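Laboratory data are not the source of any read-out in this text; all were calculated from the coordinates shown. Small disclaimer: the values here were computed from a predicted structure and weren't measured.
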Amino acid sequence: MQFSAAHDPAVQARLAASVHPHLRRMVADSSNRVAWLKARSRGITATDVAALASLSSIRNAAWQKLHGTGFSGNTYTDHGRVREPEIAKWVLREHGIISSSTLYHAEAEKRHLATPDGLIVRPSGDLELCEIKTTSKPWRSIPRPYLRQVWWQQYVLGAERTLVVWEQHEDFVPVGAEPMCRWVDRDEDQIAILVSLANALIDELHAITTR
């Protein structure tokens, strides 16, 4: 019996990935941190969108975008940076999602930006993302700011769903043998709200910097 490489799932995934539109929208990679940070500063990222709960949050978000938050990290963020590569290995092993550090822009608006923690183009052509978090508290549900990040990343890259993975720790020691995870589907209604708020933030930034 002759085996055709065209029916190999791994080959199909590589072929699908090679033609997916998100590959034409790469901006920078965090391996070059200076270029990555510079590119992020020129647009609205998932981190920015996480704070956009309503129109009333626009002004504060604009101030933080221009002046920074003054937060440069702590022991919790340091722990997250150490653990993320290890959690990413679990994600790859269990779900086949590949770690990513690339910044992308949206198809219609180059100032709409996102850097997912992982992505994979399935043989069907569907793009799936991954978002990795660490937490010192148990989650009953995914916190709303993280959901806003997830929906924004889906919009920017054109993804159908995202695997949110979180690892709880106690005194910086992982609690479980494996992290927890949950799939979040694309939500067009929430995406429309976020796009509107992000554009309002762009307008506010323009107004502040041209006064």
**Prompt:** Is any helix in the chain, taking whole DSSP H runs, at least 30 angstrom long along its axis by alpha carbon and on average at least 0.5 on the Kyte-Doolittle scale, and which ones?
**Reply:** 188-209
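Stretched out fully, how many nm does the piece from residue 82 to residue 211 gain, at 0.36 nm a residue minus the Cα gap?
Details: separation 129, 0.36 × 129 = 46.44 nm, distance 4.24 nm.
Working it through step by step, the gained length comes to 42.2 nm.
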**Message:** Could you give the length gained by full extension between residue 64 and residue 177, i.e. 0.36 nm per residue of separation minus their alpha carbon distance, to one decimal place?
**Reply:** 36.9 nm
**Request:** Report the residue, chosen from 61, 35, 108, that carries the largest GNM mean-square fluctuation when the chain is represented by alpha-carbon nodes joined by springs under 10 Å.
**Result:** 108
**Cross-link reach list, lysines versus residue 65, counting only Cα pairs under 23 Å and skipping chain neighbours closer than eight places** = 38, 110, 133
**Asked** Using a cut-off of 26 Å between alpha-carbon atoms, which lysines can reach residue 137, once sequence neighbours fewer than 8 places away in the same chain are excluded?
**Response** 89
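Once the piece of chain linking residue 126 and residue 57 is laid out straight, how much longer is it, given 0.36 nm per residue of separation minus the C-alpha distance between them?
Numbers: separation 69, 0.36 × 69 = 24.84 nm, distance 3.33 nm.
Value of the extension gain: 21.5 nm.
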**Message:** Using the Cα atoms of the chain, I'd like the radius of gyration and the largest Cα-Cα distance, Dmax, both in angstrom.
**Reply:** 18.2, 73
**Asked** Can you give the helix-only mean residue ellipticity at 222 nm for the chain, where every DSSP H stretch with n ≥ 4 adds -39500 (n - 2.57) and the sum goes over all residues, rounded to the nearest 500 deg cm²/dmol?
**Response** -14000 deg cm²/dmol
**Prompt:** Counting DSSP beta bridges in the chain, what percent are antiparallel, to the nearest 5?
**Reply:** 70
